[in-house]
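The structure appears right after this line, and notes come after that.
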Amino acid sequence: MLSQNTYKCYKCGQCCRNLNGSNLYSDLHNGDGICRYLDENTNFCLIYEKRPVLCNIDKSYEIYFYKRMSKDEFYQINQKGCEVLWVKRMTK
């Protein structure tokens, strides 16, 4: 279980390779689902310091989700989504 107010990102890049699962990210890819700002060799964001709010888990929580759930709940939901994407990667 995650400790309070922390989110562990493993920098696998799967969230940035599966953007076509949500219309919220449609302007970040060219129809292939891979973020145009992802360096596919390193899995790092080329615009990390200026990335969109939706790509920043802490800012997303603070702006959009803080009234709907606790930060721990938000992190747990995101962690589950991360795990689903990881499994998807491993079964390809």
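The values are calculated or read from the model by the stated rules, or taken from the named source; none is laboratory data. Note that the structure is predicted; figures quoted are calculated from it, not measured. Positions of Cβ are generated from backbone atoms using ideal geometry, with glycine treated the same way; all protein chains shown enter the neighbour counts. Heavy atoms of the whole protein, side chains included, go into the accessibility calculation; ligands, DNA and RNA do not. Shrake-Rupley method; radii C 1.70, N 1.55, O 1.52, S 1.80 Å.
I'd like the GluC sites (Glu not before Pro) in the stretch 1-66 restricted to DSSP loop residues with at most 13 other Cβ atoms within 10 Å, sorted by number.
Working: sites: Glu40, Glu49, Glu62; in loops: Glu40.
Listed in order of number, the matching sites are Glu40.
Modelled spin-label separation between Glu49 and Asp32, with each label point placed 7 Å from Cα along the Cα-to-Cβ direction: 2.8 nm. Surface composition of the stretch 15-92: carbon plus sulfur atoms hold 52% of the accessible area, using a 1.4 angstrom probe and ignoring ligands, DNA and RNA.
For the chain, the longest principal axis of the Cα atoms and the long axis of helix 71-90 meet at an angle of about 30 degrees. Candidates Gln79, Leu46, Asn56 compared by Cα position along the dipole of the chain: farthest toward the positive end lies Gln79, with charges placed on Cβ. The residues of the chain expose on average 76 square angstrom of accessible surface per residue, using a 1.4 Å probe on protein heavy atoms.
The convex hull drawn around the Cα atoms of the chain, when projected onto a plane and averaged over every direction, covers 6.4 nm². Remark: for residue pairs Lys8/Lys59; Lys11/Lys88; Lys8/Lys80; Lys8/Lys50, the C-alpha separation exceeds 18 Å in Lys8/Lys50.
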